[in-house]
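Participant: After the structure tokens below, expect a handful of questions from me.
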Amino acid sequence: MQFYESINSYLLDKCVALANTAGGTFIRESIWQFPVIEGVHVLSIAMSVGMILWFDLRLLGVNMTSRRVSEVFNGIYWWMVGGFAAATISGLLLFWAEADRAYPNLFARIKFAGLILAGLNILFFHLSTQRTQPQWDSDPKPPFRVRMAGFLSITCWVVVVAAGRLMAYTF
């Protein structure tokens, strides 16, 4: 327990220092910087998570069942990646500005845990589940393992978005 407390204290000190840098202070105290970055963050999450949801619903066999999974993926891939890149960059900038308040926040920790779980799910899907895609690519209802990856993805992203919104209300 002592080890956890010392690491937690160390990380909090680093987050306070990060928020108090010239860049963090500028973003936080600027009339336009913070709201513009936050707007970009919200819109890019909507684009990225919206596209991910669309793909996950196909994996679940709920929508676009007449289209191959690979066709749906190829059609939305760059929208997902672009939205995710913009959300990541804007999210890091927002964290930079308020790291001292975000780090100890319960909902921030839930959001980060959800992001890690979503990343692990994506990694597992691409390294394992997707390898058998030629066998189920055209199936209106993919195998259970594929549907479970889609369900877990939706669950993780709902947690990330909900925790992110709750985080904003608890600062």
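Participant: If the chain were replaced by its equivalent ellipsoid, with semi-axes equal to the square roots of 5 times the Cα gyration tensor eigenvalues, what would those be, largest first, whole Å?
Facilitator: Value: 36, 19, 12 Å, ordered largest first.
Participant: Between residue 46 and residue 25, what is 0.36 nm times their sequence separation minus the Cα-Cα distance? Round to one decimal in nm. Display every interim value, and only then the final one.
Facilitator: On the way: separation 21, 0.36 × 21 = 7.56 nm, distance 2.70 nm.
Working it through step by step, the gained length comes to 4.9 nm.
Participant: Fewest first, what order do 77, 103 take by the number of other Cβ atoms within 10 Å?
Facilitator: 77, 103
Participant: Additional query: Mean-square fluctuation check for the chain, GNM, Cα pairs under 10 Å: which of 121, 105, 74 is largest?
Facilitator: In this elastic network of the chain, the residue with the biggest mean-square fluctuation among 121, 105, 74 is 74.
Participant: With θ set to phi - 60°, apply the Karplus curve 6.51 cos²θ - 1.76 cosθ + 1.60 along the range 110-127 and write out the HN-Hα couplings as whole Hz, x wherever there is a Gly or Pro.
Facilitator: Per-residue couplings from phi come out as 5, 4, 5, 5, x, 5, 5, 5, 5, x, 5, 5, 4, 4, 4, 4, 6, 8 Hz.
Participant: What is the angle, in °, between the Cα long axis of helix 144-169 and the longest principal axis of the Cα atoms in the chain? Nearest 10 is fine, range 0 to 90.
Facilitator: So the helix axis and the longest Cα principal axis differ by about 20 degrees.
Participant: Per residue, what volume in Å³ does the Cα convex hull of the range 44-97 take up?
Facilitator: Value for the range 44-97: 60 Å³ per residue.
Participant: When a footprinting reagent is the concern and you count Cβ atoms within 10 Å, what order do 124, 171, 3, 107 take, fewest first?
Facilitator: On the way: 124 14, 171 10, 3 7, 107 18.
Sorted ascending by nearby Cβ count, the order is 3, 171, 124, 107.
Participant: At a 10 Å Cβ-Cβ cut-off, how would you order 12, 123, fewest neighbours first?
Facilitator: Ascending Cβ contact count within 10 Å gives the list 123, 12.
Participant: To continue, here is another question. Given the -39500 (n - 2.57) contribution per DSSP H run of 4+ residues, what per-residue ellipticity at 222 nm results for the chain, rounded to the nearest 500 deg cm²/dmol? Show your work: numbers first, answer last.
Facilitator: Values: 7 runs with 139 residues, N = 171.
One gets -28000 deg cm²/dmol as the mean residue ellipticity at 222 nm.
We did not get these values from a lab; they are worked out from the coordinates using the rules stated. All of these numbers come straight from a predicted model, not from anything done at the bench. Virtual Cβ from ideal backbone geometry, glycine too; neighbours counted across all protein chains shown.
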